[in-house]
Amino acid sequence: MIRKILIANRGEIALRIVRACRELGIQTIAVYSEADEQSLHVQLADEAICIGPASGAESYLRADRILSAAEIGDVDAIHPGYGFLSENSEFAEQCESCNIIFIGPRSETIMMMGDKAKARETVSKAGVPIIPGSDGPLENEHAATKVAQKIGFPVIIKAVAGGGGRGMRIAHNAVTFAKEFQSARLEALKAFGNGELYIEKYLESPRHIEFQVLADMHGNMVHLGERDCSVQRRHQKVIEESPSPFLDKNLRNRMGKAALKATQSADYVNAGTIEFLVDAKGNFYFIEMNTRIQVEHAVTEEATGIDLIKEQIQIASGNRLGFTQKEISLTKHAIECRICAENPSKGFIPSPGEIELYSAPGGHGVRVDSHAYGGYTVSPYYDSMISKVITFGRTRKIALDRMYRALSEYLIRGIDTNVDFLKAVLMDPAFRQGEATTSYIEEFLARMPKDFLDKQSKD
């Protein structure tokens with residue numbers, strides 16, 4: 001049994017892992033940058049070790065410093081959380097070579113599924129539907145143009161090593177293709193150190209629906225239903241919910257079976273997410289597998305009653321899954337809103353600074369995952385998300401009404417946030433009726449008066 005875990009992350013996910021470990025009786029070591037010395041995960045972990053200056057490149061992305069901290073702390077395992085090194089196959093391999101358990105899939109699995117072209121090929125052989133596109137990385141712009149013309153415009157250009165919307169461009173015709181291809185390559189090189197690209201047919205206004213999967217070392221695997229992550233801005237998720245208001249029982253069953261086929265094809269172990277795009281007719285296509293826990297994992301936890309972080313640790317300890325597929329059901333409707341330190345009226349630019357007043361919502365059916373508090377300084381060096389509010393209830397309407405109430409109670413002063421923007425979305429008829437697709441936010445803003453965001457900011 002794992003007795004001590006180093007958490008190679010920061011913020012709310014690091015705090016979430018600390019709490020799960022405490023309930024399991026497992027000791028924790030927090031690592032932190034100089035900017036995060038006063039962070040809650042540092043204060044609540046059993047031990048804490050500084051690994052460098054504020055820049056993520058000199059702290060949370062330094063595998064050597066994290067492994068040195070693991071050696072000093074004499075840990076059994078490392079939990080990478082999400083982001084930073086969580087999907088870095090070299091880091092996972094280094095953990096394995098140091099006889100430290102990496103709480104996630106094997107390094108070779110991360111490498112295979114992290115290469116989106118290889119992932120497409122792998123799941124396609126298993127019979128999982130994929131979007132028409134290139135068979136692998138494209139050698140050059142000329143080869144890419146030929147593929148684009150064959151599958152037909154519009155197409156989406158993607159970085160093989162991509163994530164978070166970076167290295168991704170949409171070309172609506174041959175005239176703009178060359179420019180978008182070069183832009184995607186430059187961004188991919190800068191973000192991932194890998195400029196390889198592939199292309200797919202671009203689906204207009206699909207839904208983004210993902211399935212949470214768990215697989216142990218003994219060949220047992222399950223899915224825990226879906227999350228609808230269609231409400232996005234610039235390919236970044238904003239609101240997630242489970243179950244999806246779009247899926248019926250038949251489509252859920254078919255997509256769940258496809259998710260398990262994809263999981264099995266990767267010989268997968270631990271927690272992962274199979275992501276699909278779904279068109280208006282219910283046709284679905286695999287787009288990628290995330291080989292880590294997701295930001296939105298709390299939605300699945302509240303919908304199913306299963307603690308995913310604890311399950312990750314139990315699987316990494318060599319234990320079998322404690323339930324079968326038939327024992328899993330979506331008993332509640334859960335919704336998550338990401339609270340970010342950003343100013344919607346100024347193009348959603350980050351709003352770092354000191355939080356002067358902080359009071360989180362509570363009450364029945366409300367969960368808040370956050371590392372923020374009054375007096376805490378939001379750093380400009382990291383992602384702007386400071387909190388996740390999750391509400392849940394018997395029906396979607398209950399969860400929606402509860403979310404609006406919770407956001408109305410949220411008091412954050414000293415920095416700008418997107419709370420009022422989220423409240424406006426929650427009251428929009430199209431969203432409340434479950435009609436949101438991946439183009440929803442752009443369409444929502446286009447319907448609003450020109451001074452809408454200014455008013456939200458002032459309110």
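The values are calculated or read from the model by the stated rules, or taken from the named source; none is laboratory data. Just so you know, these numbers come straight off a predicted model, no measurement behind them. All Cβ positions, glycine included, derive from the backbone under ideal geometry; neighbour counts span all protein chains shown. Ligands, DNA and RNA are excluded from the accessible area calculation, which covers all protein heavy atoms including side chains. Shrake-Rupley method; radii C 1.70, N 1.55, O 1.52, S 1.80 Å.
Could you give the longest part of the chain that holds none of the GluC sites (Glu not before Pro) found in DSSP loops with at most 13 neighbouring Cβ atoms within 10 Å?
Segment 205-355 is the longest.
Counting only protein heavy atoms, what percent of the accessible surface of the range 279-320 is carbon or sulfur at a 1.4 Å probe? Intermediate values should be presented prior to the final figure.
Numbers: 470 of 1250 Å².
In the range 279-320, the share of accessible area belonging to carbon and sulfur is 38 percent.
Could you work out what % of the accessible surface of the range 1-104 is carbon and sulfur, using a 1.4 angstrom probe and leaving DNA, RNA and ligands out of the count?
With neighbouring chains kept in place, the figure for the range 1-104 is 44 percent.
Could you work out the pair-distance distribution P(r) of the chain from its alpha-carbon pairs, with 10 angstrom bin width and percents rounded to whole numbers?
Pairs per bin, as whole percents: 4, 20, 31, 29, 14, 1, 0.
Over the range 1-105, what number does the Rg to Rh ratio reach, with both radii from the alpha-carbon atoms and Rh per Kirkwood?
On the Cα set of the range 1-105, Rg over Rh gives 0.92.
Given a 1.4 Å probe and every protein chain left where it sits, what share in percent of the accessible area of the range 111-199 is carbon and sulfur?
Of all accessible area on the range 111-199, carbon and sulfur atoms account for 54 percent.
Mind running the shape call on the range 324-459? Use the C-alpha gyration tensor, a ≥ b ≥ c as the square roots of the eigenvalues: rounded below 1.5 for a/c, prolate if a/b tops b/c, oblate otherwise.
Note, shape of the range 324-459 comes out oblate.
Just to confirm my numbers, what's the Cα centroid distance between the range 36-97 and the range 226-301 in Å?
28
On average, how much accessible surface per residue is there in the chain, in Å², for a 1.4 Å probe, leaving out ligands, DNA and RNA?
That works out to 42 Å² for each residue.
Can you give the Rg and Dmax of the range 392-459 based on its C-alpha atoms, in angstrom?
Taking only Cα atoms of the range 392-459, I get Rg and Dmax of 13.0, 37 Å.
From the C-alpha gyration tensor of the range 1-57, pull out the three semi-axes of the equivalent ellipsoid (sqrt of 5λ each), sorted largest to smallest, in whole Å. Please list the in-between numbers first.
Numbers: eigenvalues 81, 21, 15 Å².
Rounded to whole Å, the semi-axes are 20, 10, 9.
Mean 1/r over all different Cα pairs, inverted: what Kirkwood radius does the range 173-267 give, in Å? Write out the running numbers ahead of the final one.
Details: mean 1/r = 0.0614 Å⁻¹.
With all distinct Cα pairs of the range 173-267 included, I get 16.3 Å.
Using each residue's phi in the range 31-45, evaluate 6.51 cos²θ - 1.76 cosθ + 1.60 at θ = phi - 60° and report the 3J(HN,Hα) Karplus result to the nearest Hz, with x for Gly and Pro.
10, 8, 8, 4, 6, 9, 4, 9, 5, 5, 5, 5, 6, 9, 5
Report the far tail of the P(r) of the range 70-120, meaning the percent of Cα-Cα pairs longer than 14 Å. Don't jump to the answer; show the numbers that get you there.
Details: 632 of 1275 pairs.
Tail fraction, whole percent: 50.
Rg (Å, one decimal) plus Dmax (Å, integer) for the alpha carbons of the range 133-178?
10.2, 27
Hey, what does the equivalent ellipsoid look like for the range 90-194, semi-axes from the Cα gyration tensor as sqrt of 5 times each eigenvalue, largest first, whole Å?
Equivalent-ellipsoid dimensions as semi-axes: 30, 17, 10 Å.
Quick check on the chain: helices-only [θ] at 222 nm, where DSSP H runs of length 4 and up contribute -39,500 (n - 2.57) each and the sum goes over total residues. Nearest 500, please.
When only DSSP H runs of four or more count, the value is -10500 deg cm²/dmol.
Evaluate Rg over Rh across the range 285-367, taking Cα atoms for both radii and Kirkwood's formula for Rh.
1.07
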